[in-house]
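Have a look at the structure below before the remarks.
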Amino acid sequence: MRYLELDGVKLSVVGLGCWQFGERGWGYGQEFGPKDSLAIIRRALELGVTVLDTAELYGWGASEGLVGAAIQDWDEPIFLASKFLPLMPVPGVMEAHCRRSLERLDRTALDLYQVHFPNPLVPLGVQMDGLRRVLKEGLSRHVGVSNFSLSRWRRAERLLGSPIISNQVRYNLLQRKPEQGLIDFASRTSHLIIAYSPLAQGALSGRYRKGEVPAGVRKNNPLFTDEGLAAAEPVVESLREVAAAHGATPSQIALAYLIAQPRVLVIPGAKSIAQLEANVAAAEIRLAPEEILALRRAADLFQMSKGRMAAQMLGGFLRQGEPTTA
Ligand SMILES: NC(=O)c1ccc[n+]([C@@H]2O[C@H](COP(=O)([O-])OP(=O)(O)OC[C@H]3O[C@@H](n4cnc5c(N)ncnc54)[C@H](OP(=O)(O)O)[C@@H]3O)[C@@H](O)[C@H]2O)c1
């Protein structure tokens, strides 16, 4: 495993996204269950993963419960991140929600408490009062944001008056917006970009094709439409070519590309130990500059109809984080 450093704490460049655990829309309860989830989280820790990312939203707290159970008697340092669902992002509510997350996680403090997505209806200053309260109460060592633009991130930090150390954003070879400023800012200021959906929710694995697409939380993801799959195919093909040279899989190369960027760590989700182990092993892959260039060239050509992409952006916050459990 390779690590980034934050105040002397080691952050694995490959973390574990925990949305899958407790979330029916990802096949939890059918394809895999609580035992598998606990085993995946434990295996991740054994392999040197220190970053675990969950949220109160995932499985309506079920993910936090599973993570809490899995880490209960783990003595090595971990970097535990959760997220606040910002429907009412005011200090009292934020503190109460953070405390409830901590109860489910069976911890006294988080390492990172993140605002899950922007809420434009509540003044940003009020939301930052909430994060300040969480820090002051010692409920989290650091705070972060998610799905924030660069300007909103910087403004939030100014209002908080202390570092907002990370921005968790969608970042994969098909969705490279963070390369337009966010990564540069993070690397200049020693902040972090936490890349979610780094495998484009599996679209970069090369496993899906017309007529064989996933349902559940991904059923509205335009990357799995006929058009999306066709548009992504050259990128997947480029991943396959680079993968062949490394004896790796397209998914592993997709992750290796992201962690080759400064101050970026990835949090792929996994539904089996095999997926987890493959994702962790990607941390050891070092891409040559010409391989990165080849992947970028293929990705530059990726285009879907503007309408579909706009719909994706619009529905993004809801679809990406929303639970589908009843
Ligand atoms: N902040 C936010 O708004 C936000 C939004 C979304 C996600 N997240 C976080 O980011 C994490 C990851 O994002 P994500 O779950 O959306 O997408 P992802 O990590 O890109 O995709 C995960 C899915 O890809 C497939 N997969 C995983 N490893 C694989 C491998 N080695 N080979 C082939 N397929 C593999 C699995 O699904 P199949 O096997 O079924 O294909 C898995 O469930 C989440 O768990 C969550 O913690 C945050």
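The values are calculated or read from the model by the stated rules, or taken from the named source; none is laboratory data. Treat the numbers as computed from the prediction; the structure is a model and nothing was measured. Methodologically, a virtual Cβ is constructed for each residue, glycine included, from the backbone with ideal geometry; neighbour enumeration extends over all protein chains shown.
See the values below:
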| item | result |
| --- | --- |
| Tally of residues being closer than 26 Å to residue 219 by Cα and either within 9 Å of the ligand (Cβ to nearest atom) or in a loop (DSSP other than H, G, I, E, B) (or both) across region 12-51 | 15 |
| Whichever residue in region 278-326 is modelled with pLDDT under 55 and in a loop (DSSP other than H, G, I, E, B) and, among such residues, is nearest to the ligand (Cβ to nearest atom) | 322 |
| Conditions (1) within 14 Å of the ligand (Cβ to nearest atom); (2) of a type in the set (A, V, I, L, M, F, W, C); (3) without any contact (Cβ under 8 Å) to a residue 60 or more places away in the chain; (4) closer than 26 Å to residue 101 by Cβ: number failed by residue 203 | (4) |
| Close pairs (6 angstrom Cβ cut-off, 6 or more residues apart or separate chains): closer than 14 Å to residue 108 by Cα in region 120-139, crowded, with 18+ Cβ neighbours inside 10 Å anywhere | 134/98; 134/113; 134/140; 139/98 |
| Pick from region 190-228, criterion of a type in the set (S, T, N, Q) and in contact with a helix residue (DSSP H, G or I) (Cβ under 9 Å, 6 or more places away or on another chain), ranking: surrounded by the fewest Cβ atoms within 10 Å (Cβ to Cβ) | 220 |
| Test result for residue 228, assigned to a helix (DSSP H, G or I), at positive phi and either more than 14 Å from the ligand (Cβ to nearest atom) or not β-branched (Val, Ile, Thr) (or both) | no |
| Positions within region 249-277 being part of a loop (DSSP other than H, G, I, E, B) and within 10 Å of the ligand (Cβ to nearest atom), in sequence order | 249, 267, 268, 270, 271, 272 |
